[in-house]
1. Any chance the range 25-47 includes a residue that's modelled with pLDDT of 95 or more and among the acidic types (Asp, Glu)?
2. Inside the range 68-83, can you point out the residues that are out of contact with any Asp or Glu (no Cβ under 8 Å at 6 or more places or on another chain) and under 30 Å from Asp93 (Cα atoms)?
3. Thr81: β-branched (Val, Ile, Thr), within 26 Å of Gly117 (Cβ to Cβ) and assigned to a loop (DSSP other than H, G, I, E, B), yes or no?
4. Where residues in the range 92-102 are part of a strand (DSSP E or B) and either of a type outside the set (Asp, Glu) or under 18 Å from Arg10 (Cβ atoms) (or both), which of them is most open to solvent (accessible area, probe 1.4 Å)?
5. If you take the residues in the range 103-126 that are over 15 Å from Phe52 (Cβ atoms) and in contact with a Gly (Cβ under 9 Å, 6 or more places away or on another chain), which one is most open to solvent (accessible area, probe 1.4 Å)?
6. Among the residues in the range 75-91, are any without any contact (Cβ under 8 Å) to a residue 24 or more places away in the chain, more than 13 Å from Phe4 (Cβ to Cβ) and surrounded by 14 or more Cβ atoms within 10 Å (Cβ to Cβ)?
Amino acid sequence: MREFREAVERGDEAAMAACLADNVVFTSPVAFTPYEGKAITAAILRGVMRVFEDFHYVREIGDPDGRDHALLFEAKVSGKTVSGCDFLRLDDDGRIVDFTVMVRPLSAAMALSEAMGAQFDQIRAEATAELSGS
């Protein structure tokens, strides 16, 4: 998933959102219920970009012509080192339709949960504004 990976590495939020299908489902490592839709997923990704420090992908696993990809990453959040993986499934148009994130270790997942919790009012407001066209 070269387009998405390059967009993330550049910090290009619009390009990241362009890689998402309208009906994308985002499964967070720190929330029980998945989030449905492009607006909320794009807003969550922007929130993640605000809380992660020194984010970088370290490896990609998947068939270059296939629908399933795994992007392994490392970052820091609140001083904790995070190792994680973005599992991406593409639709027929090459857009991300399923986006699942897993992170480790537990202490980093807890730090991520706390940092993202502090972002969530802003995330919700951004998603609502996008849906209303503001």
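The values are calculated or read from the model by the stated rules, or taken from the named source; none is laboratory data. Remember, predicted model here, so these are calculated numbers, not experimental data. Cβ sites come from the backbone with ideal geometry, for glycine too, and all protein chains shown count toward neighbours. Side chains are part of the model used for accessible areas, which takes the heavy atoms of the whole protein and leaves out ligands, DNA and RNA. Shrake-Rupley method; radii C 1.70, N 1.55, O 1.52, S 1.80 Å.
1. yes
2. Residues of the range 68-83 that are out of contact with any Asp or Glu (no Cβ under 8 Å at 6 or more places or on another chain), as a first pass: 68, 79-80.
Asp68 - this is the single residue of the range 68-83 that is out of contact with any Asp or Glu (no Cβ under 8 Å at 6 or more places or on another chain) and under 30 Å from Asp93 (Cα atoms).
3. On the way: β-branched (Val, Ile, Thr): yes; within 26 Å of Gly117 (Cβ to Cβ): yes; assigned to a loop (DSSP other than H, G, I, E, B): no.
No: the conditions fail for Thr81.
4. Within the range 92-102, the first condition is being part of a strand (DSSP E or B), and the residues that meet it are 96-102.
Still in the list and also either of a type outside the set (Asp, Glu) or under 18 Å from Arg10 (Cβ atoms) (or both): 96-97, 99-102.
Details: Ile96: 0, Val97: 38, Phe99: 2, Thr100: 27, Val101: 16, Met102: 111 Å².
Among them, the one singled out is Met102.
5. Gln122
6. yes
The rows are residues; the columns are (1) at pLDDT 95 or above; (2) in contact with a Ser or Thr (Cβ under 9 Å, 6 or more places away or on another chain); (3) more than 27 Å from Gly133 (Cβ to Cβ); (4) of a type outside the set (A, V, I, L, M, F, W, C).
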residue: Met1; (1), (2), (3), (4): no, no, yes, no
residue: Arg5; (1), (2), (3), (4): no, no, yes, yes
residue: Glu9; (1), (2), (3), (4): no, no, yes, yes
residue: Ala17; (1), (2), (3), (4): yes, yes, no, no
residue: Ala21; (1), (2), (3), (4): yes, no, no, no
residue: Val103; (1), (2), (3), (4): yes, yes, yes, no
